[in-house]
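Asks: One structure, pasted below without further comment.
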Amino acid sequence: MIAYRDLQAFVARLEKEGELLRIKEPLSPRLEIPEVTDRVCKLYGPALLFENVSGYDMPVLTNAFGSYRRMGLALGVDSLDELAQDVLQFLEIEAPDSIIKKLNLIPKLKRLANIFPKYVKEAPCQEIIYKNKEVDLFRLPVLHCWPQDGGPFITLPVVITKHPLTGIRNAGMYRMQVFDRNTTGMHWHLHKGGAQHFRVAEQLGKRLPVAVAIGPDPAVTYAATAPLPDDVDEMLFAGFLRGKPVELVKCLTVDLEVPANSQIVLEGYVEPGERRLEGPFGDHTGYYSLPDYYPVFHVTCMTMRKDAIYPATIVGKPPQEDCYLAKATERLFLPLIRKTLPEIVDINLPLEGVFHNLAFVSIDKRYPGHARKVACALWGLGQMMFCKIIVIFDKEVNVQDLSECLWRLGNNIDPERDIFFVKGPVDALDHASPLPYYGSKMAIDATRKWPEEGFERDWPDVIKMEPEVKEKIDRLWQRLGIDNFLRGRR
């Protein structure tokens with residue numbers, strides 16, 4: 001694992017690996033930088049560092065997480081699936097009931113001992129300080145991403161709060177529309193951790209202190225997007241991912257701590273009972289999310305590094321950078337899902353399904369109705385409750401292959417028998433549901449049907465060539481000249 005000290009170190013690594021392009025042409029943060037970024041995302045291109053941002057002396061970084069390889073670089077691993085086993089160990093350390101288990105636990109505990117946040121008194125993120133009337137959010141090159149957006153939005157903020165009663169910290173990523181020089185929206189969806197902290201504060205009639213870290217090291221940024229259990233500290237998780245503690249420094253005007261090596265920090269509060277119309281916003285669904293009323297963040301202090309980089313992301317019709325953050329979560333949290341549902345072989349949340357619209361799942365089918373049981377169980381697991389369509393396949397199906405999934409789906413279902421619907425929570429961005437936050441979901445059983453499930457016919461075999469013939473043609477393949485012919489036509 002690699003523990004990047006700061007975003008600058010990550011940018012240097014991306015450049016060394018040929019994953020970064022520096023853009024020197026002057027471009028505006030209003031629509032122009034987003035248009036370039038969107039085109040590069042659609043071309044599966046590199047991270048972009050815009051060095052000449054019109055009207056600002058701060059560079060803008062986009063698409064830093066926008067590929068499977070860059071996600072691996074961000075978390076310091078070659079394989080996200082290998083890291084997934086470590087994540088499972090982090091989230092679930094079982095009580096040892098034997099000498100062997102106790103011995104196996106020692107290296108895990110040794111690693112865990114080195115992940116607790118480290119508190120420092122001085123920090124790069126506080127090299128420049130603006131307080132009270134000096135605060136001016138328009139100093140930052142915040143992107144205005146799409147023509148109908150309600151204004152410029154901060155799109156990669158790590159929003160830090162503490163539960164007003166328990167003191168448990170939450171770090172989440174919630175977009176923030178810049179309203180004026182010292183206020184923004186706080187787009188807390190109903191189901192998110194920050195929203196729960198605010199609900200408790202409102203019930204107590206108290207302001208909720210908030211700190212926003214923009215551009216901490218990449219492990220912290222990812223941790224803020226991860227679907228962790230409520231009692232797991234994202235800073236602890238980030239320390240685990242990077243293999244070293246996250247350095248935290250106390251804020252200057254609120255009783256919170258922030259990653260010391262952040263690029264920019266906003267400190268302030270959200271007032272109970274206060275709402276302001278936010279949006280519309282071109283969202284990851286590929287549609288504009290509708291305007292709605294959200295809490296208001298009042299900024300009392302803005303600090304930053306002298307060499308600050310402003311990191312941002314563009315969301316819109318996939319593929320976009322956020323797709324790869326979500327795919328990292330799919331791989332890292334699959335072993336944890338398997339702990340509850342061991343019959344699951346693999347899960348694919350296709351980019352086109354924008355994380356919460358579609359899931360392809362393969363299972364080791366063991367009894368009649370098993371596919372339905374798995375679909376219902378998945379809807380009961382954390383943020384999987386938002387998934388609108390779950391398709392269940394047999395274990396031999398490669399759910400990462402969309403072509404195979406669609407082929408099996410078309411062949412293996414009788415619509416009346418194999419599709420069922422339920423109602424429950426839906427994502428706040430679901431514009432198709434008849435009511436906000438509540439709508440229907442669909443499961444499709446695309447597994448091979450058993451007699452016990454009322455299937456009285458023979459299920460046919462999949463067409464396959466004889467192994468001996470395949471081996472012979474493999475040996476002859478180069479002599480046939482087909483590859484050379486195809487290359488010549490490209």
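Read-outs throughout are calculated quantities, based only on the coordinates presented, and are distinct from any laboratory measurement. Everything numeric here is computed off the predicted structure, so don't read it as measured data. Methodologically, a virtual Cβ is constructed for each residue, glycine included, from the backbone with ideal geometry; neighbour enumeration extends over all protein chains shown.
Asks: Counting only the backbone N, which residues of the range 137-157 are under 11 Å from the spot 7 Å out from the Cα of E35 toward its beta-carbon?
Replies: Counting backbone N atoms under 11 Å from the label point, the list is 147.
Asks: Straight-line reach from K24: which lysines have a Cα under 23 Å away, not including same-chain ones fewer than 8 places off?
Replies: Here the lysines satisfying the reach criterion relative to K24 are K16, K42, K306.
Asks: To the nearest 0.05, how large is the calculated FRET efficiency for I129 and E82 if R₀ is 35 Å and r is the Cβ-Cβ distance? Walk me through the numbers on the way to the answer.
Replies: Values: r = 42 Å, r/R0 = 1.20.
In this case the efficiency is close to 0.25.
Asks: How much length is gained on full extension from K206 to K118, taking 0.36 nm per residue of separation minus their Cα-Cα distance?
Replies: Values: separation 88, 0.36 × 88 = 31.68 nm, distance 2.90 nm.
Taking K206 through K118 to full extension adds about 28.8 nm, to one decimal.
Asks: How do W379, W459 line up, fewest other C-beta atoms within 10 Å first?
Replies: On the way: W379 17, W459 10.
Lowest to highest Cβ neighbour count: W459, W379.
Asks: Output wanted: per-residue J couplings in Hz (rounded whole) for the range 28-40, from phi through Karplus 6.51 cos²θ - 1.76 cosθ + 1.60, θ = phi - 60°, x for Gly and Pro.
Replies: Each residue of the range 28-40 in turn: 8, x, 8, 6, 6, 4, x, 5, 4, 4, 4, 5, 5 Hz.
Asks: In what sequence do T184, T340, T155 fall when counting other Cβ within 10 Å, fewest first? Walk me through the numbers before you get to the answer.
Replies: Values: T184 29, T340 11, T155 22.
Arranged by neighbour count, lowest to highest, T184, T340, T155 become T340, T155, T184.
Asks: Mind giving me the FRET efficiency for D180 and E15? R0 is 45 Å, r the Cβ-Cβ distance, nearest 0.05 is fine.
Replies: Step by step, r from the Cβ atoms, then E = 0.80.
Asks: Distance between Cα centroids, the range 210-272 to the range 274-352: provide it in whole Å.
Replies: That distance is 16 Å.
Asks: Distance in nm between label sites at N398 and D136, each 7 Å beyond Cα in the beta-carbon direction?
Replies: Result: 5.7 nm between the two label points.
Asks: How would you rank L241, L429, L14, going from fewest to most other Cβ atoms within 10 Å of each one's own Cβ? The partial results should precede the final answer.
Replies: Numbers: L241 28, L429 16, L14 23.
By the 10 Å Cβ count, ascending: L429, L14, L241.
Asks: Another one. So if R0 is 41 Å, what FRET efficiency would R5 and E352 give, r being the distance between their Cβ atoms, rounded to the nearest 0.05? Before the final figure, lay out the partial values.
Replies: Working: r = 37 Å, r/R0 = 0.89.
Efficiency, from the Cβ-Cβ distance: 0.65.
Asks: Turning to a different aspect of this structure: In whole Å, what is the distance between the alpha-carbon centres of the range 417-490 and the range 395-411?
Replies: 2
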